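The values are calculated or read from the model by the stated rules, or taken from the named source; none is laboratory data. Note that the structure is predicted; figures quoted are calculated from it, not measured. As a convention, Cβ positions derive from the backbone with ideal geometry for all residues, glycine included, and neighbour counts pool all protein chains shown. In case anyone asks, the SASA skips ligands and DNA or RNA and just uses the protein heavy atoms, side chains included. Shrake-Rupley method; radii C 1.70, N 1.55, O 1.52, S 1.80 Å.
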Amino acid sequence: MAAKTPNPPAPAAAEGRDSAAPILRAATLSHRKPTRFRWRPDAAGRAELARSLDLPRIDRFTFVGEILPEGRADFRLVARMQADVTQSCVVTLAPVPARIDEEVRRSFLSDWTPPEAEEFEIPEGDSEEPLPEMLDIADVAREALALALPPWPRAEGAELGETVIAPPERRR
């Protein structure tokens, strides 16, 4: 009887896909070299990400980058986000495909303090935030995708009709 060979890995595993995104403890990040990460969620992970952003579907999603030491206690995240998503048309609710390919940058500061004023202006492109105890790559990716999505997706040919509002005396 021939020895049984182990089953080959499933295609998703061979491609390095994983539904769970890396969660990095800030205290263990290197202050000498970059900490690299890669998140390519499997179908279940993409479905969960789509649900969290109220999207009908995400067909492809990749978030690859590194966390670089900056100074004695701060870090900078630099990543490439690529995604093929489907949004709902704001007029007809028809599916609208979108391709996203963006660089994502965040600065995590150990001594970040929130502004004290009740109202304050956030500078354009500000990417500074407090250094969390645990850095969840899925949270960073979800926020980056939400910011990168087209805000008013429209299916081809979808148009808003003209709205006519009659004076109150004519509404009866």
Tell me the net charge near Ile23. Cut-off is 11 Å between Cβ atoms, Ile23 excluded, with +1 for each Lys or Arg and -1 for each Asp or Glu. -2
Could you please state how large a percent of the accessible area of the stretch 26-119 is carbon and sulfur, counting protein chains only and using a 1.4 Å probe? 46 percent
Considering the zone a paramagnetic label at Leu68 would reach in this model (a point 7 Å from Cα along the Cα-to-Cβ line), which residues of the stretch 19-48 have amide N under 12 Å from it? 33-35
Could you give me D for the stretch 66-118, from Stokes-Einstein at 37 °C and 0.692 mPa s, where the hydrodynamic radius is the Kirkwood radius over C-alpha pairs? Units µm² s⁻¹, please. 227 µm²/s
Please give, to one decimal in nm, the separation of the simple spin-label points placed at Asp54 and Val90, each 7 Å out from Cα toward the Cβ. 1.2 nm
So what's the net charge close to Gln87: Lys and Arg +1, Asp and Glu -1, counting the other residues with Cβ under 11 Å from its Cβ? +1
Would you mind getting me the FRET efficiency between Ala44 and Leu109? Use the beta-carbon distance for r and R0 = 41 Å, nearest 0.05. 0.75
